[in-house]
Amino acid sequence: MSRGEQLPRITSVEPVELLRQLNSMVDLLNRRLASAEQPSGKEFWDVANLTRSTTMDASSATTDEVRDCLGTLISDMKTRGIIR
């Protein structure tokens, strides 16, 4: 399926044909959503100079503390295979 493929136009109001056309639209939209959700596989996350931290006071965290928590989250997600 090409990205340029247009959604089918409704050309009939007969119940059986209308249902077929609507199902065709739903199928096409589902295929497009499935392909949009696929990661490209080109992104690799890497964190340098990380001080592991899993605790942060959201009301008073410094930029460095937020960076450490984010870096820890990225590192843990890589370890679990959630991201590359």
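A few points about this structure:
- Where ILE74 falls short, out of the listed (1) loosely packed, with under 12 Cβ neighbours inside 10 Å; (2) modelled with pLDDT of 85 or more: (1)
- Of all residues making up the range 1-28, the number that are of a type in the set (A, V, I, L, M), surrounded by 10 or more Cβ atoms within 10 Å (Cβ to Cβ) and either at pLDDT below 80 or in a loop (DSSP other than H, G, I, E, B) (or both): 2
- Test: residue in the range 44-62 that is in a helix (DSSP H, G or I), at pLDDT 85 or above and hydroxyl-bearing (Ser, Thr, Tyr): no
- Scoring SER35 on the criteria (1) surrounded by fewer than 10 Cβ atoms within 10 Å (Cβ to Cβ); (2) at pLDDT below 85 leaves a single failure, condition (1).
The values are calculated or read from the model by the stated rules, or taken from the named source; none is laboratory data. All values derive from a computational prediction rather than experimental measurement. Glycine also receives a Cβ, built like all others from the backbone with ideal geometry; neighbour counts cover every protein chain displayed.
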